[in-house]
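The structure under discussion appears below in the form of structure tokens.
The values are calculated or read from the model by the stated rules, or taken from the named source; none is laboratory data. The model shown is predicted, which means the values in this text are computed figures rather than measured ones. Cβ: placed from backbone, ideal geometry, glycine included. Neighbour counts: every protein chain shown. SASA here: full protein model, heavy atoms, side chains in, ligands and nucleic acids out. Shrake-Rupley method; radii C 1.70, N 1.55, O 1.52, S 1.80 Å.
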Amino acid sequence: QVQLVESGGGLVQAGGSLRLSCTASGRTFRNYPMGWFRQAPGQEREFVAAITRSGGTDYADSVKGRFTSSRDNAKNTVYLQMNSLKPEDTAVYYCAASASFYSGRYAHDYDYWGQGTQVTVSS
């Protein structure tokens, strides 16, 4: 069982930056591919980024070049650095862990989820 806790959300002006953190319980964090998703009111949860066990990354086209995901296995933490934020990035952001070796782009690829952290970008 893995428990995930996100932090770092908040209110920021357009063009600003935030860094989200997701800290996991358990000694086997390094074995889990991780993902970031977001959900805006009235919309489906959508893929933002994924990071493999070895640190390889994948990004949604809407955030590519602006967001960067990284992980620190010694701290059981994965990060999402968000730069050049836009109002359309406003959403609740979730981190997720996969119990398989696969870090996909779909919510069903992941087995464990955090509680989410709100990101609001004002124009």
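Measure off 7 Å from each Cα along the Cα-to-Cβ vector at residue 30 and residue 64, then give the distance between these two points in nanometres to one decimal.
Label-label distance for residue 30 and residue 64, simple model: 3.1 nm.
Counting only protein heavy atoms and a 1.4 Å probe, tell me what percentage of the chain's accessible area is made up of carbon and sulfur.
On the way: 2890 of 6310 Å².
Using a 1.4 Å probe with all protein chains present, the chain comes out at 46 percent carbon and sulfur.
Say R0 is 30 Å: what FRET efficiency, to the nearest 0.05, do residue 73 and residue 118 get from their beta-carbon distance?
FRET efficiency, residue 73 to residue 118: 0.65.
With a 1.4 Å probe and all protein chains left in place, how much accessible area per residue does region 78-123 have, in Å²? Before the final figure, lay out each step's value.
Details: 2180 Å² over 46 residues.
Using a 1.4 Å probe on heavy atoms only, each residue of region 78-123 averages 47 Å².
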